[in-house]
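Data first, discussion second: the structure below is written as structure tokens.
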Amino acid sequence: MAALLLEPPIQYRRFMRRVLAWGALMSLSLAACANGDQAPEDAPTSPVPPASANPSDPPSASPSASPAESPSESPQSEEPSPDVAPVREFRTTEHGKFTEPWAMEFLPGTDLLLINERGGAMKLRDQSTGEVREVSGVPEVYHEGQAGLHDVKPAPSFETDGRIYVSWVTRGDEGPHGMLGLGTLDIANAALEDLDVIWEQDPAGGDGHFSLRIAIADDLLYLTSGDRQEMDPAQDNGTNLGKILRLSLDGTPAPDNPFGDEGVESSFWSIGHRNPLGLDFDVDGTLWSSEMGPEGGDELNRIVPGANYGWPEASNGSHYNGRDIPDHREGDGFEAPKAFWTPSISPGNLEIYEGDLFAGWRNSALLGGLSGETLVRVALDGENADIVDEWEMGERVRAVEEAPDGSIWLLEDGAGARLLELRPA
Ligand SMILES: [Ca+2]
């Protein structure tokens, strides 16, 4: 830390970051060899240079100690504040493993972390003892492709009545589709009770791009609904696919939504989305969403009510078959992302940091990369978003969440996914 506080010349710092990153990777590799699956407790993770947000730039390079290699970041991505040097290194502690985890949530007023596994298990982890209990009464889910048990979010009244929102995928006669339910969590008995379906994705379709992320503020519920890999529904205001919705706490369309108060459109907050798997508010209360792009073009979007985010008419990525999609450009009528990633990192969710433990991170968007196997920090400032740091995590990262004490928790992806706690080194 002392070296960072002394503010050595930028080129030297970049060089040292590469040395540190390379050293950390070597430490991790050595530790992994020595300890098998054990997470190294004493090897802090250092950042690698942030991935380029410019599609004309080459993909971000592997960590390198070579000072001759040109850095990929611009000067303005350096620390914005002269008095707070943002945390650059953290220590990682493993707290058990989960099977295909998808979402987690610290339950307010408790010492519990709730974890949803995509196969249909909802688990309560006591953060004091490490004990994990499985919750009964979870709806049966359809578990194929990207389908299964998805997100969870406590209602504003959770601390007094245990009310909690859950999203999942069911398979009806017409095929799989997403559901949003509201139930009551009996913590003492680890039971989900009185679960009512309050919203459904329509029409049904295939096994992908459900999205189904939940965010709540000011007694309103925001929900992402993906394009179900059909693309065109995102521009079709006759369906709730490819949209971000704004609902009342009972699941009905919220009053005064920007697409009018008739029919399905009355639930829309924004349109033209592909697979928005991240949703959170910044410290000013503005909604942001991370969205999986096609081949390249992953997006971090600042959500403006009534805006059209362009899918599938505009994307900074291309179709998987190589067919081009026009990039976002001024005057095309679509809202452009505030940050994007080409090549893709595949952000599994989005968490905007509000704490103090990671100095200098307040109002940073944190995204876990699935294909990227990274943790990415994006500094938000009003309408602007700057990709400022990226750490190689060595595994696909499914979920990022901030704990009440300001520590940051990650869930890896797939079978044997580790639950990780990050604290400043
Ligand atoms: Ca394009």
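The values are calculated or read from the model by the stated rules, or taken from the named source; none is laboratory data. Keep in mind it's a predicted model, so treat the numbers as computed, not measured. Here the Cβ positions follow ideal geometry from the backbone for every residue, glycine too, while neighbour counts run over all protein chains shown. We work out accessible area using only protein heavy atoms, side chains counted, and drop any ligands, DNA or RNA first. Shrake-Rupley method; radii C 1.70, N 1.55, O 1.52, S 1.80 Å.
Do the conditions hold for residue 345, that is, is it of a type in the set (Val, Ile, Thr), more than 21 Å from residue 217 (Cα to Cα), open to solvent by less than 50 Å² (accessible area, probe 1.4 Å) and away from the ligand (no atom under 13 Å from the Cβ)?
On the way: of a type in the set (Val, Ile, Thr): yes; more than 21 Å from residue 217 (Cα to Cα): yes; open to solvent by less than 50 Å² (accessible area, probe 1.4 Å): yes; away from the ligand (no atom under 13 Å from the Cβ): yes.
For residue 345, the condition - of a type in the set (Val, Ile, Thr), more than 21 Å from residue 217 (Cα to Cα), open to solvent by less than 50 Å² (accessible area, probe 1.4 Å) and away from the ligand (no atom under 13 Å from the Cβ) - is met.
Here is a list: 234, 307, 254. Which entry is touching a Phe, Trp or Tyr at 6+ places or on another chain (Cβ under 9 Å) and either within 16 Å of the ligand (Cβ to nearest atom) or acidic (Asp, Glu) (or both)? Lay out the reasoning, then the answer.
Values: 307 fails: either within 16 Å of the ligand (Cβ to nearest atom) or acidic (Asp, Glu) (or both); 254 fails: either within 16 Å of the ligand (Cβ to nearest atom) or acidic (Asp, Glu) (or both).
Checking each option against the conditions leaves just 234.
Which condition does residue 229 not pass, out of (1) outside any helix (DSSP H, G or I); (2) surrounded by fewer than 23 Cβ atoms within 10 Å (Cβ to Cβ); (3) at negative phi, if it passes all the others?
Going through (1) outside any helix (DSSP H, G or I); (2) surrounded by fewer than 23 Cβ atoms within 10 Å (Cβ to Cβ); (3) at negative phi one by one, residue 229 breaks only (3).
Just the residues that are open to solvent by 70 Å² or more (accessible area, probe 1.4 Å), under 21 Å from residue 276 (Cβ atoms) and either in contact with a strand residue (DSSP E or B) (Cβ under 9 Å, 6 or more places away or on another chain) or within 8 Å of the ligand (Cβ to nearest atom) (or both), please, taken from the range 310-326.
The first filter runs over the range 310-326 and keeps only residues open to solvent by 70 Å² or more (accessible area, probe 1.4 Å), leaving 313, 320-321, 323-324.
Checking which are under 21 Å from residue 276 (Cβ atoms) leaves us with 313, 320.
The one that is open to solvent by 70 Å² or more (accessible area, probe 1.4 Å), under 21 Å from residue 276 (Cβ atoms) and either in contact with a strand residue (DSSP E or B) (Cβ under 9 Å, 6 or more places away or on another chain) or within 8 Å of the ligand (Cβ to nearest atom) (or both): 320.
Which of the following residues is in contact with a Pro (Cβ under 9 Å, 6 or more places away or on another chain), modelled with pLDDT of 95 or more and under 30 Å from residue 100 (Cα atoms): 306, 360, 317? Before you say what the answer is, go through the steps one by one.
On the way: 306 fails: under 30 Å from residue 100 (Cα atoms); 360 fails: under 30 Å from residue 100 (Cα atoms).
Only one candidate passes the filter, namely 317.
Select from the range 274-300 the residues that are within 16 Å of the ligand (Cβ to nearest atom), in contact with an Asp or Glu (Cβ under 9 Å, 6 or more places away or on another chain) and not small (Gly, Ala, Ser) and list them in ascending order. Give the derivation first.
We begin by selecting, within the range 274-300, every residue within 16 Å of the ligand (Cβ to nearest atom); these are 274, 291-299.
From what's left, in contact with an Asp or Glu (Cβ under 9 Å, 6 or more places away or on another chain): 274, 291-293, 297-299.
If the condition is that a residue be within 16 Å of the ligand (Cβ to nearest atom), in contact with an Asp or Glu (Cβ under 9 Å, 6 or more places away or on another chain) and not small (Gly, Ala, Ser), then 274, 291, 292, 298, 299 are the ones that fit.
For (1) under 30 Å from residue 371 (Cβ atoms); (2) basic (Lys, Arg); (3) open to solvent by 30 Å² or more (accessible area, probe 1.4 Å); (4) under 23 Å from the mean Cα position of the chain (by Cα), each residue gets a yes or a no:
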site	(1), (2), (3), (4)
219	no, no, yes, yes
243	yes, yes, no, yes
260	no, no, yes, no
269	yes, no, yes, yes
273	yes, no, no, yes
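Do we find that residue 329 is modelled with pLDDT of 95 or more and either in contact with a helix residue (DSSP H, G or I) (Cβ under 9 Å, 6 or more places away or on another chain) or within 16 Å of the ligand (Cβ to nearest atom) (or both) in this structure? Spell out how you get there, then give the answer.
On the way: modelled with pLDDT of 95 or more: yes; either in contact with a helix residue (DSSP H, G or I) (Cβ under 9 Å, 6 or more places away or on another chain) or within 16 Å of the ligand (Cβ to nearest atom) (or both): yes.
Spelling it out, residue 329 is indeed modelled with pLDDT of 95 or more and either in contact with a helix residue (DSSP H, G or I) (Cβ under 9 Å, 6 or more places away or on another chain) or within 16 Å of the ligand (Cβ to nearest atom) (or both).
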